[in-house]
Amino acid sequence: MTLSQALRFIDLRARMALRADASTMYLGYVWWVLEPLLFVAIFYLVFGIILESGRADFLMFLIVGKLPFQWFSGGVNSSSNSIVGAKAIISQVNITKALLPLSKVQESTYRQMAVFSLMFFLLISDGYLPSLHWLWVIPLFLVQYLVIGFLAMICASLVCAARDFAKVIQLFVVGMMFASGIFWDVRSLDPVVQSMVLTYNPIALLIDSYRQVLMFDRVPDVARLLNLTLITGALAAVVFLLMRRANSWLTLRAIG
Amino acid sequence: MPKRLQVKLENVSFRYPTMGSFWAKREQDVIHDVSLEINAADKLGVIGLNGAGKSTLLQILGGIVSPSRGRVIRHPGVSTSLLALGVGFSPDLNGSDNAIMSAVLQGMTEREARNLLPAIQEFSELGDAMNQPVRTYSAGMRSRLAFSAAMHIDVDLILVDEVLAVGDARFREKARAAMLEKLGGDQTVVMVSHSTDQIADICDKAIWLHQGRIEVSGDVDNVLATFQQACVSNESDSHRGLSSGV
């Protein structure tokens with residue numbers, strides 16, 4: 001399979017899955033924006049009203065944290081079973097297994113485009129007017145795609161190795177929800193802890209960066225983002241190549 | 001002029017890891033020291049009893065699994081399709097999308113695949129069911145879709161695993177005729193079947209696979225005759241054994 005065939009396959013499989021998914025529900029594509037809105041509503045009720053966050057801008061702060069996180073959690077969770085769930089295809093053709101989680105990431109990216117449009121609409125409605133800093137969203141989006149793609153390949157391979165990992169991955173995603181500053185501000189932490197969180201938790205860094213550019217009209221932490229891109233890019237390439245080497249092993253684990 | 005080599009197996013063995021709990025893991029030999037060559041336009045039949053390793057051999061030829069030992073030499077650029085019932089379709093996608101995906105996986109563009117759809121729909125006789133998810137299909141409908149898609153997608157090497165048990169008697173006859181036409185001429189085929197008649201219809205060479213080893217290979221008529229003879233003598237042996245035991 002050439003690179004362009006692989007990219008076409010990833011995209012086609014993602015689009016077909018989205019259509020199939022929407023056709024099974026009465027509200028179809030409406031769920032793309034309804035689900036994250038409901039999540040935000042629940043979080044707002046718990047952390048904003050019941051636990052009284054104290055921030056005047058808490059609703060927007062929550063929206064700009066939770067909606068990008070939704071992409072991460074949806075992409076990683078759905079890609080975990082992408083290889084073991086594609087027995088039909090992999091028992092028929094010799095396909096590079098990494099394409100299966102990557103097509104799940106692409107699927108969640110299409111959903112996320114609608115979610116981000118909703119996020120921009122809500123921000124503007126609340127008086128956050130677009131500035132040039134908003135253009136930073138484009139590289140942030142690409143870096144987040146890279147991070148999710150990298151984790152998706154690892155998670156899909158782990159679940160292939162042992163189905164038990166699916167449980168661990170679900171727990172990991174829940175843990176990340178609490179550890180990534182969705183309903184608390186990473187900048188309110190002690191400077192040493194803050195630096196550690198922003199260095200070792202890429203999702204916390206990305207969420208903070210989205211907030212800096214969209215809500216506070218500031219430039220994000222470019223040095224850390226560049227580091228994250230280079231390290232994740234290199235690791236993703238290594239994982240992709242390892243998955244190619246282990247292609248037959250992954251097939252046997254998935255169809256066995 | 002020698003025919004172009006498509007795939008060659010050199011002393012290939014395969015062990016299939018049996019999945020179980022981590023501690024109960026054991027491995028089972030399926031293919032032992034098999035060597036064979038498949039050249040362009042060859043039509044090779046593979047016969048053998050259940051569990052002889054026939055389907056695994058096709059998976060090795062298709063590159064779906066790699067051998068545990070030995071070498072698989074593949075001519076660069078040779079496209080391969082494994083036609084087997086019950087595999088290849090995503091249950092949540094509708095018939096059309098599954099057919100398109102099958103074609104794209106064989107290297108076609110989405111547009112080329114879409115152009116094939118009317119012919120696949122007509123041959124399969126699935127009508128509007130093409131727009132329904134495949135999980136709602138009966139086994140017969142799935143088979144018809146798989147067969148129709150495979151008959152319309154061109155690949156260099158077709159690996160066929162027991163597919164003529166398709167649909168009702170009328171469709172089976174139509175499928176048989178289509179298969180004879182598709183697999184004739186220059187098409188390279190490796191075909192697994194329990195039906196020696198089907199192998200005799202389509203193949204000119206054959207191998208008899210027994211417990212993962214090639215028992216006999218060569219001209220299709222000789223191999224089939226040897227296999228049938230062995231089956232008959234086995235049956236009478238077991239019959240004698242049963243009688244003497246009573």
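As a summary of the residue check, B:SER66 satisfies the conditions (1) in contact with a helix residue (DSSP H, G or I) (Cβ under 6 Å, 6 or more places away or on another chain); (2) surrounded by 20 or more Cβ atoms within 10 Å (Cβ to Cβ) except for the one numbered (2).
Quick grid of which residues meet (1) buried (at least 22 other Cβ atoms within 10 Å of the Cβ); (2) at pLDDT 95 or above; (3) closer than 16 Å to A:ARG244 by Cα:
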{"position": "A:SER53", "(1), (2), (3)": "no, no, no"}
{"position": "A:VAL64", "(1), (2), (3)": "yes, yes, no"}
{"position": "A:LEU135", "(1), (2), (3)": "no, yes, no"}
{"position": "A:ALA161", "(1), (2), (3)": "no, no, yes"}
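Among the residues of region A:97-126, those identified as assigned to a helix (DSSP H, G or I) and within 14 Å of chain B (Cβ to nearest Cβ) are A:LEU99, A:LEU100, A:SER103, A:LYS104, A:GLU107. Across region B:69-91, the number of residues qualifying as surrounded by fewer than 18 Cβ atoms within 10 Å (Cβ to Cβ), at pLDDT 85 or above and within 20 Å of A:ILE83 (Cβ to Cβ) comes to 1.
Yes/no per residue for (1) under 24 Å from A:ALA6 (Cα atoms); (2) in a helix (DSSP H, G or I); (3) out of contact with any strand residue (DSSP E or B) (no Cβ under 7 Å at 6 or more places or on another chain):
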| position | (1), (2), (3) |
| --- | --- |
| B:LEU116 | yes, yes, yes |
| B:LEU145 | no, yes, yes |
| B:SER148 | no, yes, yes |
| B:ASP154 | yes, no, yes |
| B:GLY185 | no, no, yes |
| B:ASP197 | no, yes, yes |
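Picking from A:ILE138, A:ILE169, A:ILE182, A:ILE207, which residue would you name as being under 30 Å from A:VAL84 (Cα atoms) and either hydrophobic (A, V, I, L, M, F, W, C) or over 15 Å from the mean Cα position of the chain (by Cα) (or both)? None of the others qualify; the one that does is A:ILE169.
When the criteria are applied in full, A:VAL84 fails the requirement of being touching a residue at least 12 places away in the same chain (Cβ under 8 Å), in contact with a Cys (Cβ under 8 Å, 6 or more places away or on another chain) and within 30 Å of A:ASP126 (Cβ to Cβ).
For region A:219-256, a residue qualifies if it is surrounded by 14 or more Cβ atoms within 10 Å (Cβ to Cβ), more than 14 Å from chain B (Cβ to nearest Cβ) and not in a helix (DSSP H, G or I), and the qualifying residues are A:PRO220, A:ASP221.
Is there a residue in region A:174-184 that is within 14 Å of chain B (Cβ to nearest Cβ) and modelled with pLDDT under 95?
The initial filter retains those residues of region A:174-184 that are within 14 Å of chain B (Cβ to nearest Cβ), namely none.
Checked region A:174-184: no residue is within 14 Å of chain B (Cβ to nearest Cβ) and modelled with pLDDT under 95.
Applying the criterion of at least 2 residues that are within 14 Å of chain B (Cβ to nearest Cβ) to the helices (runs of 4 or more DSSP H) found wholly in region A:11-96 leaves A:87-90.
The values are calculated or read from the model by the stated rules, or taken from the named source; none is laboratory data. Note that the structure is predicted; figures quoted are calculated from it, not measured. Ideal geometry is used to build each Cβ from the backbone, glycine not excepted, and the neighbour counts take in all protein chains shown.
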